[in-house]
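The values are calculated or read from the model by the stated rules, or taken from the named source; none is laboratory data. Please read all numbers here as calculations on a predicted model, not as lab measurements. Cβ placement follows ideal geometry from the backbone for every residue including glycine, while neighbour counts extend to all protein chains displayed.
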Amino acid sequence: MTGDPAAGPAVPNLVRIRLSGQQEDVARVAALLAEQGRAGGLTVLEVSAPCANRREPGVRVYVTALTELRA
């Protein structure tokens, strides 16, 4: 698996999801992923604190999650 060397070693099934938008909407989607994601094979490990977007209005958060392997 290849990727950005600055991101550290690759971990199988680990994904980092960037959510961007209005703070209330981003918080709602992050909470839904954490609560409902398990039914779809997703385990949320961490949700970052919101940061202001650089080039667009609103905020961004990063959701770190593990996915199930599907054959």
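Counting only residues that are in a loop (DSSP other than H, G, I, E, B) and of a type outside the set (V, I, T), which one in the range 1-12 is modelled with the lowest pLDDT?
The selected residue is M1.
Mind checking which residues of the range 13-27 are in contact with a Leu (Cβ under 9 Å, 6 or more places away or on another chain) and either modelled with pLDDT under 80 or in a strand (DSSP E or B) (or both)?
L14, V15, I17, L19
Which pairs do you get when a residue that is of a type in the set (S, T, Y), found in the range 10-27, comes within reach of a residue that is exposed (fewer than 12 other Cβ atoms within 10 Å of the Cβ) and outside any helix (DSSP H, G or I), reach meaning Cβ atoms under 8 angstrom, with the pair 6+ apart or on two chains?
Filtered contacts from the range 10-27: S20/E56.
Looking at (1) surrounded by 15 or more Cβ atoms within 10 Å (Cβ to Cβ); (2) modelled with pLDDT of 90 or more; (3) in a helix (DSSP H, G or I), can you tell me which one V63 breaks?
(3) is the only condition that V63 fails.
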